[in-house]
Amino acid sequence: MPNNKLILSFCVSLDRLAQKSECSLLDIEEFYDSVYEFGRQFVSKDHDFSDLERNSIITSYPSSVEKAAKFTAEIIQHKKPNELKMLLSSIEFLINDIYEIFKYFSLDNSPANLAENISLLQEKQENLKKLLKSVKSSNDEKVDIPNLDGIPETHDWWTQKDRDSTKDEKKKE
């Protein structure tokens with residue numbers, strides 16, 4: 001079960017991005033890193049959210065998704081294949097799993113532009129999948145594979161070789 005620090009850290013990241021009047025690529029990348037860690041450790045696990053965490057998700061999720069949708073295309077341009085896969089997993093968590101949490105907490109009361117921004121991210125996600133199919137990863141990229149514990153099998157852009165290499169790294173520790 002994810003700990004409260006993980007959820008609180010994610011909510012802080014969500015709030016920080018939502019409250020920025022201007023954000024940079026670094027802000028969005030840090031946000032996606034937080035989404036990845038939260039999604040990786042949260043998906044398929046039960047957890048009770050505090051009132052503060054629920055309010056954070058309700059108030060900050062729509063704005064954070066809007067900002068992520070604006071900057072994702074730029075972020076894609078500067079990534080290696082395994083970084084693109086990590087971004088793809090982050091987008092998947094953001095527009096599916098975390099969106100479901102948002103809808104549950106907000107009682108399906110979403111701002112009008114949220115569906116539009118989710119749709120934009122879905123387009124970017126499809127473009128990213130096509131890009132990954134056209135890019136060949138090099139052998140030395142194995143070192144760039146993030147921790148895949150908790151990443152669902154539905155994130156099928158992570159190959160079995162990727163998943164096995166992170167298990168092999170854990171055995172070495």
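The values are calculated or read from the model by the stated rules, or taken from the named source; none is laboratory data. On a predicted model such as this, the values are computed, not experimentally measured, just so you know. Every residue, glycine as well, gets a Cβ built from its backbone with ideal geometry; the counts of neighbours run over all protein chains shown.
Cβ-Cβ contacts under 6 Å between residues 6 or more apart (or on different chains), taken from a first residue in the stretch 61-83 that is farther than 16 Å from S34 by Cα to a second residue that is outside any helix (DSSP H, G or I) and β-branched (V, I, T), are listed as P81/V135; N82/I145.
Summed over the stretch 25-79, the residues that are closer than 20 Å to N109 by Cα and of a type in the set (S, T, N, Q) give a count of 7.
For S119, the conditions (1) among the small types (G, A, S); (2) surrounded by 14 or more Cβ atoms within 10 Å (Cβ to Cβ); (3) at pLDDT 95 or above all hold with the exception of (2).
Residues of the stretch 114-133 that are over 19 Å from F93 (Cα atoms) and touching a residue at least 40 places away in the same chain (Cβ under 8 Å): L131 alone.
Return yes when Y36 is closer than 24 Å to L148 by Cβ, touching a residue at least 60 places away in the same chain (Cβ under 8 Å) and either surrounded by 14 or more Cβ atoms within 10 Å (Cβ to Cβ) or of a type in the set (D, E) (or both) and no when it is not.
yes
Give me a count of the residues in the stretch 73-85 that are in a helix (DSSP H, G or I) and farther than 23 Å from I151 by Cβ. So the count comes out to 2.
Of all positions in the stretch 86-109, at least one carries a residue that is of a type in the set (V, I, T), touching a residue at least 60 places away in the same chain (Cβ under 8 Å) and either closer than 19 Å to E37 by Cα or assigned to a helix (DSSP H, G or I) (or both).
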